[in-house]
Amino acid sequence: MPPKTRKIAVMGFRAVGKSSLVIRFVEDQFVDSYHPSIENTFEKRVKYSGQDFLIQLVDTAGQDEYSLFSEAHCVDVHGYVLVYSINSQKSFEVIKVIHDKILDTMGVSSRSRVPLVLVGNKTDLHMQRVISTEEGKRLADSWNAIFVESSAKQNERVKDIFLMILMEVEKQYEGGGETKQDCSIL
Ligand code: GDP
């Protein structure tokens, strides 16, 4: 049986660690340098629930509150990993804007349950923490999303992020065949 492909978009303000999380998951490496990324797609095969999956991770270039949310960000996308860093208030504000833009761009019917994982990254920088765990959790709860705090640097809970989004996606499509959420035609 060929693996089932699941496409996940990783979004968030610049420098929150999107690429670092993806590279840690796919290659188990951490590179402590910052190269503002253009959009890149990475792939990793995983086994989940007795099935083979090919996870395609779209490492987006990063957004801010003024970015136009392109429909390209949700065509064929099964789920979203939304990342802020716990030492940046700005990244926490931006992630709320990105979340709202995702919902606005999706069809109304699929708004109720978009597979989402909210990630507070850089937990190793606890001395510089400005967003508490409770605040992150509260935001995720208000979205009906899963919440994870991670460190790409120390490899804390990175695997969990991507397995949880896969789990959320599979929950969404359970018994529902292969239909996925698409953007509304605006
Ligand atoms: P992106 O722009 O969101 O893709 O961010 P990058 O992955 O390029 O990371 C931005 C900067 O944060 C780089 O200098 C990374 O080394 C650093 N970084 C990423 N994740 C972590 C982390 O978990 N802890 C720490 N201390 N630094 C991190």
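The values are calculated or read from the model by the stated rules, or taken from the named source; none is laboratory data. It should be emphasised that the depicted structure is a prediction, and the values quoted were computed from it without experimental measurement. Virtual Cβ from ideal backbone geometry, glycine too; neighbours counted across all protein chains shown. Surface areas here come from the heavy atoms of the whole protein model, side chains and all, with no ligands, DNA or RNA. Shrake-Rupley method; radii C 1.70, N 1.55, O 1.52, S 1.80 Å.
Looking only at residues in the stretch 156-171 that are under 15 Å from Gln51 (Cβ atoms) and open to solvent by 20 Å² or more (accessible area, probe 1.4 Å), which one is modelled with the lowest pLDDT?
The extreme case among them is Lys171.
Please verify whether Leu118 is hydrophobic (A, V, I, L, M, F, W, C) and open to solvent by 40 Å² or more (accessible area, probe 1.4 Å), treating the condition exactly as stated.
Judged against the criteria, Leu118 is not a match.
Quick check on this structure: which one of Phe30, Phe25 is in contact with a helix residue (DSSP H, G or I) (Cβ under 8 Å, 6 or more places away or on another chain) and over 23 Å from Glu170 (Cα atoms)?
Matching residue, one of Phe30, Phe25: Phe30.
Check whether at least one residue in the stretch 136-145 is open to solvent by less than 60 Å² (accessible area, probe 1.4 Å), farther than 15 Å from Lys18 by Cβ and in contact with a Pro (Cβ under 9 Å, 6 or more places away or on another chain), and report yes or no.
yes
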